[in-house]
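Report on the structure given below.
The values are calculated or read from the model by the stated rules, or taken from the named source; none is laboratory data. Quick caveat, the model's predicted, so the values are computed rather than measured. Quick reminder, even Gly has a Cβ in these numbers, built from the backbone with ideal geometry, and neighbours come from all protein chains shown.
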Amino acid sequence: TRTKLRMPLHHAMQAVHARLLPRHEGQVASYIPALAAMPPDLFGLAALSSTGKLMEVGDSRHPFTIQSVSKPFAYALALDLLGRRAVRDAVGVQPVGDPFNTIELDPRTRRPFNPMVNAGAIAVAGLLTDALGDRAFPTLQARLSLAAGATLELDSAVHDSEAATGDRNRAIAYLLRAAGVFRADPVRVVDVYFRQCALRVTARDLAVMAGTLAAIGSNPLTGAEVFGVEAVRDTLSVMFTCGFYDGAGDWACRVGLPAKSGVGGGVVAVVNRQLGLGVFSPRLDAEGNPLRGLLACEALSEELGLHAFDAT
Ligand code: GLN
């Protein structure tokens, strides 16, 4: 457990939001054509304490698609449903210095390096499809909604747009089945993954989802038991070491929080046992991470002393 924050969280959030609001570098993702329709300069921040206090600044209620921020939550679900052994047999926990959509398996194991890159997340979708069949996506949607304390709906325009252009992810799914990671039809598996990525959230929803991880799996707003203790521990570990793809080591040093970004503009960060943060800012840096989202997490970590190894 932690000591008190250096200053009231809400003040820090307002100051960081005001300071970063004028930053307009980066571009909205357009490789999924429907994402390009997002107004680029929206900016929302939200935080939920593990005692259930919710704070919001700016465009914290504007909907966008969760994209890769879904990956840690899908991983936690798979750990809960299938157990650590089965999941670890299919996906590693090894950081990899490659972009998110790299078509590559760990040469030692012929498994994806970790569940935060696309290959690992598609492997998780494959495990869920093998186990649940047509119930895979509804189960994901229900569990992520429980974590958010709200019903997360599918954005079908974004889903259809990604399905129409997502050959790279389909290639990954075929590679994974060839390597024996799952048995289900790769086209079906990748569609579960595309649907998971096209769930609509807000920064507020992300803060509640992150707060659920911070509170070791129970939603601080609703009291729902969402994820088991062991699933949360493994999930936070891979978020800490692998959450930022090629920038993961830099992030661990600078910000020192388990976190995950998505190309829809979302970022979650977790202060273990204390706080969940959700940020929405659609302009992405060269690596595909929301630029102000990262800066906001960095500033809050710095100003409030949230770094996992903060000692001041
Ligand atoms: N659905 C997106 C993709 O697979 C998610 C990528 C991301 O958010 N980094 O390309």
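Which residue, of Leu42, Leu35, Leu77, is part of a loop (DSSP other than H, G, I, E, B) and not β-branched (Val, Ile, Thr)?
Details: Leu35 fails: part of a loop (DSSP other than H, G, I, E, B); Leu77 fails: part of a loop (DSSP other than H, G, I, E, B).
The conditions single out Leu42.
Which one of Ala203, Ala207, Ala198, Ala214 is more than 24 Å from Val158 (Cβ to Cβ), of a type outside the set (S, T, N, Q) and within 17 Å of the chain's Cα centre (by Cα)?
The match here is Ala214.
Being away from the ligand (no atom under 16 Å from the Cβ) and in contact (Cβ under 8 Å) with a residue 12 or more places away in the chain is true for just one of Ala12, Ala18, Ala119, Ala29. Which residue is that?
Selected residue: Ala12, the only one of Ala12, Ala18, Ala119, Ala29 that is away from the ligand (no atom under 16 Å from the Cβ) and in contact (Cβ under 8 Å) with a residue 12 or more places away in the chain.
Okay, residues lined up against (1) in the same structural domain as Glu153 (by TED's automatic domain parsing); (2) within 16 Å of the ligand (Cβ to nearest atom); (3) in contact with an Asp or Glu (Cβ under 7 Å, 6 or more places away or on another chain):
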residue: Ala37; (1), (2), (3): no, yes, no
residue: Leu42; (1), (2), (3): no, no, yes
residue: Ala46; (1), (2), (3): no, no, yes
residue: Ser50; (1), (2), (3): no, no, no
residue: Glu56; (1), (2), (3): no, no, no
residue: Pro72; (1), (2), (3): yes, yes, no
residue: Leu79; (1), (2), (3): yes, no, yes
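Please go through segment 194-222 and pick out each residue that is closer than 12 Å to Val69 by Cα and not in a strand (DSSP E or B). I'd like the intermediate steps shown before the answer.
Pass one, segment 194-222, residues closer than 12 Å to Val69 by Cα: 196-203, 205-207, 209-210.
Passing the criteria: Gln196, Cys197, Ala198, Thr202, Ala203, Asp205, Leu206, Ala207, Met209, Ala210.
Sort out which residues of segment 253-307 are part of a strand (DSSP E or B), aliphatic (A, V, I, L, M) and over 13 Å from Gln27 (Cα atoms), and write them in order of number.
Ala259, Val267, Val268, Ala269, Val270, Val271, Leu275, Leu277, Val279
If you scan segment 291-302, which residues turn out to be in contact (Cβ under 8 Å) with a residue 40 or more places away in the chain and either within 14 Å of the ligand (Cβ to nearest atom) or in contact with an Asp or Glu (Cβ under 7 Å, 6 or more places away or on another chain) (or both)?
Within segment 291-302, Leu291, Leu294 meet the criteria.
Restricting attention to segment 173-227, report how many residues are crowded, with 20+ Cβ neighbours inside 10 Å, basic (Lys, Arg) and in contact with a helix residue (DSSP H, G or I) (Cβ under 6 Å, 6 or more places away or on another chain).
Number satisfying all stated conditions: 1.
Return the pair list, or none, for Cβ contacts closer than 8 Å from residues in segment 255-266 that are more than 21 Å from Leu304 (Cβ to Cβ) to residues that are part of a loop (DSSP other than H, G, I, E, B) and more than 9 Å from the ligand (Cβ to nearest atom), at least 6 apart or on different chains.
What qualifies is Gly264/Met38; Gly264/Pro282; Gly265/Met38; Gly265/Leu42; Gly265/Ser281; Gly265/Pro282.
Going by the structure shown, is Gly264 within 16 Å of the ligand (Cβ to nearest atom) and either under 16 Å from the mean Cα position of the chain (by Cα) or farther than 22 Å from Tyr193 by Cβ (or both)? Show your work before the answer.
Details: within 16 Å of the ligand (Cβ to nearest atom): yes; either under 16 Å from the mean Cα position of the chain (by Cα) or farther than 22 Å from Tyr193 by Cβ (or both): yes.
Taking the combined requirement at face value, the residue satisfies it.
If the requirement is being in the same structural domain as Ala207 (by TED's automatic domain parsing), free of Cβ contacts under 8 Å to residues at least 40 places away in the same chain, farther than 24 Å from Arg200 by Cβ and surrounded by 17 or more Cβ atoms within 10 Å (Cβ to Cβ), which of these qualifies: Ala248, Ala252?
That would be Ala252, the only listed residue that is in the same structural domain as Ala207 (by TED's automatic domain parsing), free of Cβ contacts under 8 Å to residues at least 40 places away in the same chain, farther than 24 Å from Arg200 by Cβ and surrounded by 17 or more Cβ atoms within 10 Å (Cβ to Cβ).
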